[in-house]
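Novice: One structure, as structure tokens, below. Some questions next.
The values are calculated or read from the model by the stated rules, or taken from the named source; none is laboratory data. Just so it is clear, the model here is predicted, and its values are computed rather than measured. Quick reminder, even Gly has a Cβ in these numbers, built from the backbone with ideal geometry, and neighbours come from all protein chains shown.
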């Protein structure tokens, strides 16, 4: 297990230069915007406009703060995304633009390179201890606000925007089936699971 602290995340320009993104973690370590296998980040969107294009990338987007956006993806009807709707997955190499619904937003972006890795993202609203399943590959637990404690030999405390990263190499170690997460009050967690293609 590794703890990724919000204060240590890297802030960098968007690929299209239209804003900034906060990179939580990227693999391989130090990979750039054109050669990562997978990447988890947050972006502050201040105005409507086009999304950056990423060749060969699949992307899932969730709203962390703000009223939401309407996504216009080539070949699809417009899609409204907010904190109550289902998380939205789409190919990142298709022309996409966003219209803000009620002012700036902060979104969560999970991106994986098609043919190398796949991902899933789950949003959990928790008010009591919950067991979170881990899988072969990488599991991340993001705590957007509030605070949670993860049971371990030495309990791990996650504050606002901190992330827990758990990696399992099934060739050399057994997978830990679950994590016991205790919230200090009602909060929302995002569970991201990333797996390499066999």
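Novice: Could you please let me know if residue 63 is assigned to a strand (DSSP E or B), under 14 Å from residue 193 (Cα atoms) and out of contact with any helix residue (DSSP H, G or I) (no Cβ under 6 Å at 6 or more places or on another chain)?
Specialist: Details: assigned to a strand (DSSP E or B): yes; under 14 Å from residue 193 (Cα atoms): no; out of contact with any helix residue (DSSP H, G or I) (no Cβ under 6 Å at 6 or more places or on another chain): yes.
Against the criterion (assigned to a strand (DSSP E or B), under 14 Å from residue 193 (Cα atoms) and out of contact with any helix residue (DSSP H, G or I) (no Cβ under 6 Å at 6 or more places or on another chain)), residue 63 does not qualify.
Novice: Go through the residues of the range 73-90 one by one and say whether even a single one is under 17 Å from residue 193 (Cβ atoms) and not in a strand (DSSP E or B).
Specialist: Yes - at least one qualifying residue is present in the range 73-90.
Novice: Can you tell me which residue among 94, 40, 11 is in contact with a strand residue (DSSP E or B) (Cβ under 8 Å, 6 or more places away or on another chain), part of a loop (DSSP other than H, G, I, E, B) and in contact (Cβ under 8 Å) with a residue 12 or more places away in the chain?
Specialist: Residue meeting the stated conditions: 94.
Novice: Which count do you get for residues in the range 14-37 that are within 29 Å of residue 180 (Cβ to Cβ) and not in a strand (DSSP E or B)?
Specialist: 1
Novice: Being buried (at least 17 other Cβ atoms within 10 Å of the Cβ), assigned by TED's automatic domain parsing to the domain that holds residue 31 and on the phi < 0 side of the Ramachandran plot narrows it down to one residue among 105, 192; which is it?
Specialist: 105
Novice: So for the range 176-188 (the condition being assigned to a loop (DSSP other than H, G, I, E, B), over 20 Å from the mean Cα position of the chain (by Cα) and under 25 Å from residue 38 (Cα atoms)), does at least one residue qualify?
Specialist: Within the range 176-188, one or more residues are assigned to a loop (DSSP other than H, G, I, E, B), over 20 Å from the mean Cα position of the chain (by Cα) and under 25 Å from residue 38 (Cα atoms).
Novice: For the range 138-169, name all the residues that are under 15 Å from residue 5 (Cα atoms) and free of Cβ contacts under 8 Å to residues at least 24 places away in the same chain.
Specialist: Step one: of the range 138-169, the residues under 15 Å from residue 5 (Cα atoms) are 140-150, 156-166.
157 - this is the single residue of the range 138-169 that is under 15 Å from residue 5 (Cα atoms) and free of Cβ contacts under 8 Å to residues at least 24 places away in the same chain.
Novice: Another question about this same structure. Quick one: how many residues across the range 51-62 are at pLDDT below 95 and either surrounded by 20 or more Cβ atoms within 10 Å (Cβ to Cβ) or under 17 Å from the mean Cα position of the chain (by Cα) (or both)?
Specialist: Within the range 51-62, residues that are at pLDDT below 95 and either surrounded by 20 or more Cβ atoms within 10 Å (Cβ to Cβ) or under 17 Å from the mean Cα position of the chain (by Cα) (or both) number 3.
Novice: Turning to a different aspect of this structure: Report yes if residue 28 is closer than 21 Å to residue 113 by Cα, loosely packed, with under 13 Cβ neighbours inside 10 Å and in contact with a strand residue (DSSP E or B) (Cβ under 7 Å, 6 or more places away or on another chain), otherwise no.
Specialist: Criteria not met by residue 28.
Novice: Checking the structure you have, find out if any residue of the range 126-135 is in contact (Cβ under 8 Å) with a residue 40 or more places away in the chain, out of contact with any strand residue (DSSP E or B) (no Cβ under 6 Å at 6 or more places or on another chain) and either in the same structural domain as residue 82 (by TED's automatic domain parsing) or under 22 Å from residue 88 (Cβ atoms) (or both).
Specialist: So the first thing to find is which residues in the range 126-135 are in contact (Cβ under 8 Å) with a residue 40 or more places away in the chain, and the list is 126-135.
If we keep only those that are out of contact with any strand residue (DSSP E or B) (no Cβ under 6 Å at 6 or more places or on another chain) as well, we get 127-128.
Now narrow it down to the ones that are either in the same structural domain as residue 82 (by TED's automatic domain parsing) or under 22 Å from residue 88 (Cβ atoms) (or both): none.
The answer is no; no qualifying residue exists.
Novice: Another question, if that's okay. Could you grab me the full set of residues in the range 127-155 that are buried (at least 18 other Cβ atoms within 10 Å of the Cβ), on the phi < 0 side of the Ramachandran plot and in a strand (DSSP E or B)?
Specialist: 132, 138, 139, 140, 141, 142, 143, 148, 150 - these are the residues of the range 127-155 that are buried (at least 18 other Cβ atoms within 10 Å of the Cβ), on the phi < 0 side of the Ramachandran plot and in a strand (DSSP E or B).
Novice: Answer yes if at least one residue in the range 171-178 is modelled with pLDDT of 90 or more and more than 17 Å from residue 42 (Cα to Cα), and no otherwise.
Specialist: No: zero hits.
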